[in-house]
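S.K.: My structure is below; once you've seen it, I'll send some questions.
The values are calculated or read from the model by the stated rules, or taken from the named source; none is laboratory data. Only a predicted model underlies this, so the values are computations on that prediction, with no experimental measurement involved. Reconstructed Cβ throughout: ideal geometry from the backbone, glycine too, with neighbour counts over all protein chains shown.
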């Protein structure tokens, strides 16, 4: 099998800052002195992921199972390089596409078209490629004339439609998802599901975190069960779901 993702002895510590004892006066003095007057704060580190050893191979459709705070979303952010490991090594063979925090980087003062162009550039596309994709993206959103309005005027549902349409214009080798996006009425959800299926089919590897066992069984062939930042079970999707249900 061709390894697409490999993690060896990977752990991740996340710093937590307690600034409750910082007064406004001290903050102002710190800013005024360029930080020479240090503000008092307590720093502790939380071990979010512990000693992860895993290979994900071409063709794997991996489900992440676990209670809230078990490490699923943190694991996805590690694979997407939002986080970097405190220790251990990660090797990723391929380009990564994410479908979480889909609205990240969108400018509320710009209209829908300008946000499509800006996000496309962030994805590494050339402007002529983006311009060619605009009609398809606009049609997919079903926003009509609102596509020319500043997105600060959009409802949450409209904003999510636009963000989803932009985030799915590029097909990559590795697809990371945190829950399946709910972006509107049944008709739009059918379109969104079909688009996600296209992305999954085009990818070498898909990793999905979800609380819906029905969705995980439908979309995945392998399951990883997380507990307190550790992978405690790794098997086919049916056995992994049964393990999770029986133990948690």
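S.K.: With respect to the numbered conditions (1) closer than 21 Å to residue 115 by Cα; (2) free of Cβ contacts under 8 Å to residues at least 40 places away in the same chain; (3) in contact with a helix residue (DSSP H, G or I) (Cβ under 6 Å, 6 or more places away or on another chain), which one is the sole condition not fulfilled by residue 213?
M.R.: (1)
S.K.: If you check every pair at least six apart or on different chains, which have Cβ atoms under 8 Å apart with a residue in the stretch 103-117 that is within 15 Å of residue 161 (Cα to Cα) first and a residue that is part of a strand (DSSP E or B) second?
M.R.: 108/150; 111/150
S.K.: Which residues, taken from the stretch 124-158, are closer than 28 Å to residue 80 by Cα and surrounded by fewer than 16 Cβ atoms within 10 Å (Cβ to Cβ)?
M.R.: Passing the criteria: 124, 126, 127, 128, 129, 131, 132, 136, 152, 156, 157.
S.K.: Still on this structure: Taking only the stretch 208-228 into account, find how many residues are touching a strand residue (DSSP E or B) at 6+ places or on another chain (Cβ under 9 Å) and either assigned to a helix (DSSP H, G or I) or surrounded by fewer than 21 Cβ atoms within 10 Å (Cβ to Cβ) (or both).
M.R.: Here is the first cut: in the stretch 208-228, the residues touching a strand residue (DSSP E or B) at 6+ places or on another chain (Cβ under 9 Å) are 208-211, 213, 215-217, 219-228.
Then keep just the ones that are either assigned to a helix (DSSP H, G or I) or surrounded by fewer than 21 Cβ atoms within 10 Å (Cβ to Cβ) (or both); that gives 210-211, 213, 215-217, 219, 221-222, 227-228.
The number of residues fulfilling the criteria is 11.
S.K.: Just checking, does the stretch 185-207 include any residue being under 30 Å from residue 109 (Cβ atoms), touching a strand residue (DSSP E or B) at 6+ places or on another chain (Cβ under 7 Å), crowded, with 17+ Cβ neighbours inside 10 Å and modelled with pLDDT of 90 or more?
M.R.: Checked the stretch 185-207: at least one residue is under 30 Å from residue 109 (Cβ atoms), touching a strand residue (DSSP E or B) at 6+ places or on another chain (Cβ under 7 Å), crowded, with 17+ Cβ neighbours inside 10 Å and modelled with pLDDT of 90 or more.
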